[in-house]
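Below is one structure, written out as structure tokens, with a few remarks after it.
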Amino acid sequence: MYRDYDYYQPPTRFAVFPPVVKNLLILNGLVFLAQLVPTTDRLLIEWFALWPLGLPEFYPGFWPWQLLTYSFLHGGFAHLFFNMFALWMFGVPIERAWGSRRFGVYYFVSVIGAGLTQLLVVTLSGAVYPTVGASGGVFGILLAFGMMFPNTPIYLYFLFPIKAKWLVIGYGLLELWAGITGTQAGIANFAHLGGMLFGFLLIQYWRGKLPWRPTRRLYW
């Protein structure tokens, strides 16, 4: 049972990269290297980025696998670095606490949930651009960290401590405000919120808080 941040232990040199986090880091890195080749990048974006529904024929179309594959593509090194840093920082303690199988399910549910949310938003808005990045899964992990270790101090810019629960709430409100006002062009704010929402619903299901109950409840 996990009660508070007292149970959180920073990763040691023997457990810096548990299996799912390690493989996600490797896969994202390898795909990014492939994106550095212009012709390969064009094909990857065309077939594996998340495209809106109902685009004209001369645009790439939507395919169901894009709800997963878009998360392995990134728009640049900084985009990749910050997503992977957050995946490592918050994902390692979650995977160690839950186990790799549950963590992997949670991450990809967050990714797919973020993709579905973004697909709905861009299709309804009539936007014509692809979505890439692991941010939806990362925001789901951030939510889980805030729920499991709410009082753990997180140092913004390595200087300013803030409790994890307030960081999560602040990020959620910021993403909602930015999504509604459109002040962060090129950032899939609603995808981030979708990752958090689907992650929250999965946690509530595992904890037996929804009408549908799991065979084994998750306690903390």
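So what is the 222 nm mean residue ellipticity for the chain from helices alone, if each DSSP H run of at least 4 adds -39500 (n - 2.57) and you divide by all residues, rounding to the nearest 500 deg cm²/dmol?
Numbers: 8 runs with 130 residues, N = 220.
Calculated at 222 nm, the ellipticity per residue is -19500 deg cm²/dmol.
Identify all lysines with a Cα-Cα distance to Lys209 below 22 Å; exclude those on the same chain that are fewer than 8 residues away in sequence.
List returned: Lys165.
Considering only DSSP states other than H, G, I, E and B, which chymotrypsin sites (Phe, Trp or Tyr not before Pro) in region 61-111 qualify as loop sites with at most 12 other Cβ atoms within 10 Å? Walk me through the intermediate numbers first.
Values: sites: Phe62, Trp65, Tyr70, Phe72, Phe77, Phe81, Phe82, Phe85, Trp88, Phe90, Trp98, Phe103, Tyr106, Tyr107, Phe108; in loops: Phe62, Trp65.
Answer by residue number: Trp65.
Checking understanding here: applying a Kyte-Doolittle mean of at least 0.5 and a length along the axis of at least 18 Å (C-alpha), which whole DSSP H helices in the chain pass? Each step should come with its number before you reach the end.
Values: long enough: 19-35 (24 Å, 1.43); 77-98 (30 Å, 0.95); 100-125 (37 Å, 1.08); 135-148 (19 Å, 1.79); 164-181 (25 Å, 1.09); 189-206 (26 Å, 1.01).
TM-like helix candidates: 19-35, 77-98, 100-125, 135-148, 164-181, 189-206.
With springs only between Cα atoms under 10 Å apart, run a GNM on the chain and tell me which of Val128, Val168, Val138 wobbles the most.
Of Val128, Val168, Val138, the most mobile in the Gaussian network model is Val128.
Give, to the nearest whole percent, the P(r) tail of the chain beyond 28 angstrom, counting all Cα pairs. Could the numbers behind the result be given before it?
Values: 7080 of 24090 pairs.
Every Cα pair in the chain considered, those over 28 Å come to 29 percent.
Expressed as a rounded percentage, what relative contact order does region 17-206 have, with Cα pairs under 8 Å and six or more residues apart?
Numbers: 278 pairs, mean separation 46.7, N = 190.
The normalised contact order for region 17-206 reaches 25 percent.
Read the figures in this text as sums done on the coordinates, not as results from a lab. Everything quoted here is computed from the prediction, not taken from an experiment. Cβ sites come from the backbone with ideal geometry, for glycine too, and all protein chains shown count toward neighbours.
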